[in-house]
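Worksheet for the structure shown next.
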Amino acid sequence: MMQLSGRTVLLTGASGGIGAALCDALVAAGARVVAVGRNEARLSQIAQRHPSGKAIPLVADLSNDAGCARVVDTVGRLHEPPSVVILAHAQSAFGLFEEQPPSVVRDLIGINLMAPIALIHGLLPLLRRQEQAAVVAVGSTFGSLAFPGFAAYSATKFGLRGLMEGLAREYADTGVRFQYLSPRATRTSFNTPAVDALNREMNVAQDEPGNVAAQLVAAIVQGRRRLQLGWPEKLFARLNGVLPGLVDRNLKSQLPLIRRHARQ
């Protein structure tokens, strides 16, 4: 168990839908949050709805090395540095792989995978000095079940899951734990209109950000190493691991529908 009260938490993607809800839930749990994002106005709004000093905005662009270095340097100089790092930032790209420019794929890899690698690498010396610490990656169902129309995005989330699993095993005898927690579809602006239309036609359930945040915070407190939110997503992720052919056949029947929305 890890109580969050009195801890400093570094939260990336704090200006997004799940990130903002996570910030609120962490402050409610007694944590002080360093809220990282690119949207300065949105970060200011989030900070203003909490008591002074409980949500500290930090504007940084994690798509480049300078932005990641700025985060590592800033939190390293805090009087109470973070003992919990939550990587909740992400970029999506719904579309057919063949029609996506290489630059889009490079951006996805940079933000969704290389930025977490850079941040974790830079922050590990700080985290190792603490008696108890955690690195939490907010993943995706598509990190366990690759989905047509999200091939490149799925690749980055599979990579992130592999990174967290490898690090969890590499640091298993230390006070630093690594967690990969996966929401399913969530009702936020992260989804484009095309994604929302696809979800409606496929009857995909969508969770509210506040409910997702509450479940993620509970998993952090409990120390859950892996978690997939939602049913039947939890079942599909497991099936994909043991009987991928069943998932192949199911998704093949959905290809005309997925392609129609992906081309919009």
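Give me the percent of accessible area attributable to carbon and sulfur for segment 63-116, probe 1.4 angstrom.
Roughly 56 percent of what the probe reaches on segment 63-116 is carbon or sulfur.
With every protein chain in place, what's the accessible area of Phe190 (1.4 Å probe, Å², nearest 10)?
Looks like 90 Å² after rounding.
Within segment 1-56, report the trypsin sites (Lys or Arg not before Pro) that DSSP leaves as loop and that have at most 14 other Cβ atoms within 10 Å.
Arg49
With the other protein chains left in place, how much accessible area per residue, in square angstrom, belongs to the chain at a 1.4 angstrom probe?
48 Å²
Please list the non-local residues whose amide H lies under 5 Å from the amide H of Ile86, H modeled 1.01 Å from N, same-chain partners needing a gap of 5 or more.
Leu10, Leu11, Thr12, Val136
Let me have the relative contact order for the chain, percent, based on Cα pairs under 8 Å that are six or more residues apart.
Taking the mean separation of contacting Cα pairs over the length of the chain, I get 20 percent.
What are the residues whose amide H is under 5 Å from the amide H of Val33, where those residues sit 5 or more places off or on another chain and H is modelled from the backbone?
Counting only residues 5 or more places away or on other chains, the set is Val9, Ala55, Ile56.
Among Pro116, Val176, Pro101, whose Cα sits farthest toward the positive end of the charge dipole of segment 8-263 (+1 at Cβ of Lys/Arg, -1 at Cβ of Asp/Glu, about the Cα centre)?
Val176
What shape does segment 120-249 take by its C-alpha gyration tensor, where a ≥ b ≥ c are the square roots of the eigenvalues and a/c under 1.5 counts as rounded, a/b above b/c as prolate, and the rest as oblate?
Since a/c reaches 1.5 and a/b is larger than b/c, the shape of segment 120-249 is classed as prolate.
Once you charge only the Cβ atoms, +1 for Lys and Arg and -1 for Asp and Glu, what is the size of the charge dipole of the chain about its Cα centre, to the nearest 20 debye?
Computed about the Cα centre, the dipole is about 360 debye.
Give the aspartates and glutamates whose C-alpha is closer than 18 Å to that of Lys157, dropping any in the same chain fewer than 8 places away, or say none.
Asp107, Glu165, Glu233
The values are calculated or read from the model by the stated rules, or taken from the named source; none is laboratory data. The model shown is predicted, which means the values in this text are computed figures rather than measured ones. Reconstructed Cβ throughout: ideal geometry from the backbone, glycine too, with neighbour counts over all protein chains shown. All accessible areas refer to the heavy atoms of the entire protein, side chains included, with ligands and DNA or RNA removed. Shrake-Rupley method; radii C 1.70, N 1.55, O 1.52, S 1.80 Å.
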